Amino acid sequence: KVFPVEEKIQGDRLYFSSGKTHLIKHPCKKTLALYLGRQIFLTKDNFESSLIPFSIPTSMQVGTPEVTSAHFAGSVLLLVVNQKVYVYDYEANFWTASAGIQHPVSHVSGDNCCYGGNSFCMDISNSVFAYLHGDRISQANIYFSTSRGYRFQKYTQERRAELVGTFGGIFSFHSLSQVGLLLVDEQMAMFSYSDHPLNRSFGLPFGYDRTLDILIAPGQRGILIFWSEKNLLVSRNSGQLVESVRVREGQRILYNSIVKANITIHSVAANENELAVLTRENNLYYGSLGIQSSSLIKFADQNIWSQDAVLMFTDVGMLEILTPLPDMLFPAFDFQKCLLNIQALLVDPQLQAGICKVELLQGEFENKMYTIDMNSQLELTALMIPRPGTLPVPLVIVSNPHSLGLQAVIYEDGYTYNSNTKHRLNISLKQQHHWGRANPNFTSSIKRPTISTITLDIANKEISCVDLKPLRGGGWLDVWVPGGARPCLCPVSHRGAYDPNFQGQQAKEDLKVYYPYEKLGCPLLAYYDIPWKPVVELWREGKFQEVVEAEYVLLEVNGLFTYTYSLTAGMAGCSAQPQNWTTITEMAGDTASFSWDRENYVSCHDPDYHEPLRWPDVPYQILGGPTENKIVFDQRNGIYIFFISIVDPSYSYCHLETTFSVYVYGAFPLSIFPPEVTIFLLTVATLLFVWLAYMVPQLLHNEQGLEVNGFWVRLYQRCKTSEQELGEISSPRHMVRSSASP
């Protein structure tokens, strides 16, 4: 016995409700797996150690410890136990119940992305659905989580109320950038998709006479495997086309489907490129998940089946038949492992596997992730060396042709030391919309960032090409988020100049603004009386790329509204009512104040935008692009901190946004009185002064003037005489007081 941690079962022992055995491998952590059967086992070392059955703490109060579904979501394991979702952090050995689910659920579904260090990849691993299988599709309660299942919220999808049938499941098809709903009606099933252009139709229907387990092959290639005891189906394009898996011997097709083969499937295993099936008739079938139709071949009969046996791929071409073995003296189970080298088995001439026609298929893009931005083009190369005397045909496909288009050129590129011809393949990739070859009803929206996986394989590749796996790479999206900074106290914003709700209404109290100097640095300078707009530059990894001429919007982050725009909607030549921050904020609700971006922006110059131009005199709040719109500041000095967002959907897939600051100077303090009153008073005072300057000298030379002048002279002399008498009286009193002092 080899015990990894503990020897006693603690809590309620879990068991799998289905009569079949399943094994779920973590696609990124190759030694982590979950065995589902009459007992459940969680291993971190590919079952190299003895394990006690998996249990859940009694403090979770699960009632009946029956597991109906399980899923690895990044660093946690999700289990549906007694129609509730529980989260197990296997690294911290911590259990918790999921929050937000108000109805019973039976299944969880999700996917994992193994490209480390990328936020978009992490979003894939964090996304999980929870649902109850078998509800009416229009009434089904579906929950969605972006936190690896710790917290769920209700999921809604347009037109779901119009769908007919029972609910067979919901899945995130990341390779197609779609969410797929499985509809089951009258022993037929089909997928409904969430986004343009696939949301206007359904996938092709396929037979669904009994419940099918659905396995998503790892690698984001869009490969789905549907199986039950009597049927096996495969889709290579995320459910748009589902076809039966055939059984063949050599090049001859024995059965067009598993149904006709009259076998009972017990366990199914798949990796990125391979498929294996174990039947109750002690048969083992093996096939390749190539880019063309799938088929299986049967290996020689052996006594390999048991009720608890399950298949597991440990590496490319390496398959294990795993069986837990109980011990009468210990609670821990051992694991019997029957290791099969597929390449060695295919050497048997009775299998007629043929000889692989390709010696080398190599490309620098294998298992790499790339970002293809708007109007950008990605160039990839690959090398193929065929076996002498053969001429295999390479095929390049993308999982999401609605978003990503390709063009490939192949040519001879020299010889090997063995005189084999080397073939070089150049692959050009860019947005399907910009190739100009597809109908707009076929391409996905340029406002929505999407994912696509590119695969290079060989057409009609022999099943013996086990080690010649297809080359796979991904086109993804990187999102840059600026970091925080240490704040610095700045002057106070007056209550009459800002609105914390961004509605242009005066606040009730002044606002102390903290200026993040380490983030923004010194502000730009702008004279208040000159219309102004910023020069927007695009930088990448510290290197200047270009000046941005695309359309963008600004918003003062503290709610200052002491500025407007130089153009109105009419002056900007709008044919429809333009959007503004008020309408965008109302649409966003409480989700975000700064929510104007490339995905919700609609140009008022767009001929397909039919919002009537009712108010042509409102300020036009979009800068850049075809207009010369600018910011006009009020008569106020101070610092403005602006949020800027590039809203032009054809400029970049990235959400290009940042913040910057401007110091507005040169504004004199506002007058207390209106300018008209001030000018009137100054004019009156000036005229009065001129009149007095003329009239006073004239009045001094007539009789009345002489009397007035004499009055002022007599008053002056009288005041002077009184002052002298007061001085004579004061002097003796001072002298007496001095002589009387001791």
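For a Förster distance of 30 Å, can you work out the FRET efficiency between the beta-carbons of Leu360 and Ala92, rounded to the nearest 0.05?
Calculated transfer efficiency: 0.10.
Net charge around Asn237, counting only other residues with Cβ within less than 13 Å of its Cβ (Lys, Arg = +1; Asp, Glu = -1)?
+1
Taking the full set of protein chains and a 1.4 angstrom probe, give the accessible area of Lys630 in square angstrom, rounded to the nearest 10.
70
So what's the net charge close to Arg448: Lys and Arg +1, Asp and Glu -1, counting the other residues with Cβ under 10 Å from its Cβ?
Net charge in that neighbourhood comes out at 0.
Once Lys and Arg get +1 and Asp and Glu get -1 on their Cβ, which of Phe643, Val310, Ala569 lies farthest toward the positive end of the dipole of the chain?
Val310
For the chain, with only Lys/Arg (+1) and Asp/Glu (-1) charged at the beta-carbon, what is the dipole magnitude about the Cα centre, in debye rounded to 20?
Its charge dipole is roughly 840 debye.
Per the helix-only calculation at 222 nm, which mean residue ellipticity applies to the chain, given -39500 (n - 2.57) for every DSSP H run of n ≥ 4 and division by its residues, nearest 500 deg cm²/dmol?
-4000 deg cm²/dmol
As a test of reading the structure, rank Asp185, Asp467 by solvent-accessible area (1.4 Å probe, protein chains only), most first.
Asp467, Asp185
Beyond 22 Å, what percent of the Cα pairs of segment 323-469 remain?
Of all Cα-Cα pairs in segment 323-469, 58 percent lie more than 22 Å apart.
Quick one: 3J(HN,Hα) in Hz for segment 414-420, Karplus 6.51/-1.76/1.60 with θ = phi - 60°, rounded, Gly and Pro as x.
x, 9, 8, 5, 8, 6, 7
How far apart, in nm, are the 7 Å Cα→Cβ label points at Glu537 and Met188?
For Glu537 paired with Met188, the spin-label model returns 6.2 nm.
Would you list, by chain and number, the lysines whose Cα falls below 27 Å from the Cα of Lys357, excluding same-chain residues fewer than 8 positions away?
Cross-link targets: Lys298, Lys368, Lys422, Lys461, Lys469.
Taking 4 °C and 1.567 mPa s as the conditions, I'd like the Stokes-Einstein D for segment 79-200 in µm²/s, using the Kirkwood hydrodynamic radius from alpha carbon pairs.
Diffusion coefficient, whole number: 85 µm²/s.
Find the all-direction average of the projected area of the Cα convex hull for segment 564-625, expressing the result in square nanometres with one decimal place.
4.5
Leaving out same-chain residues fewer than 8 places away, which lysines sit with a Cα under 26 Å from that of Lys154?
Lys84, Lys447
Please give every one of the aspartates and glutamates within straight-line cross-link reach of Lys260, meaning a C-alpha to C-alpha distance under 17 Å, and leave out same-chain neighbours fewer than 8 residues apart.
Candidates past the 8-residue exclusion: Asp209, Glu229, Glu243, Glu249, Glu281.
Give me the one-decimal nm value for the distance between modelled label points at Met571 and Thr686, 7 Å along each residue's Cα-to-Cβ direction.
It works out to 3.2 nm between the two label points.
Taking R0 as 22 Å, what's the FRET efficiency between Asn256 and Gln302 from their Cβ-Cβ distance, rounded to 0.05?
Taking R0 as 22 Å, the efficiency between Asn256 and Gln302 is 0.25.
Let me check against my output: what whole-number percent is the relative contact order of segment 31-112, with C-alpha pairs under 8 Å and at least 6 apart?
Relative contact order for segment 31-112 comes out at 20 percent.
Taking every pair of alpha-carbon atoms in segment 256-299, give the share separated by more than 17 Å as a whole percent.
It works out to 28 percent of all Cα pairs.
Relative contact order of the chain, please, whole-number percent, based on alpha carbon pairs below 8 angstrom and at least 6 residues apart.
Over the chain, the number comes to 7 percent.
Express in nm, to one decimal, how much length is gained between Tyr527 and Ala459 on full extension, taking 0.36 nm for each residue of separation and deducting their alpha carbon distance.
Separation in residues times 0.36 nm, less the Cα-Cα distance, equals 17.8 nm.
Suppose R0 equals 30 Å; then what is the FRET efficiency for Leu391 and Glu249 from their Cβ-Cβ distance, rounded to the nearest 0.05?
Working from the Cβ atoms, E equals 0.70.
Mind sorting out which of [x] 1.30; [y] 1.24; [z] 0.99 is the real Rg/Rh (Cα atoms, Kirkwood Rh) computed from the coordinates?
Computed from the coordinates, Rg/Rh (Cα atoms, Kirkwood Rh) corresponds to [y].
Can you give the local net charge around Asn256? Use residues other than it whose beta-carbon is closer than 11 angstrom to its beta-carbon, Lys and Arg +1, Asp and Glu -1.
+2
The values are calculated or read from the model by the stated rules, or taken from the named source; none is laboratory data. In this text the structure is predicted, and so the values were computed from the model without any measurement. No Cβ is skipped: glycine too gets one built from the backbone with ideal geometry, and neighbour counts run over all protein chains shown. SASA here: full protein model, heavy atoms, side chains in, ligands and nucleic acids out. Shrake-Rupley method; radii C 1.70, N 1.55, O 1.52, S 1.80 Å.
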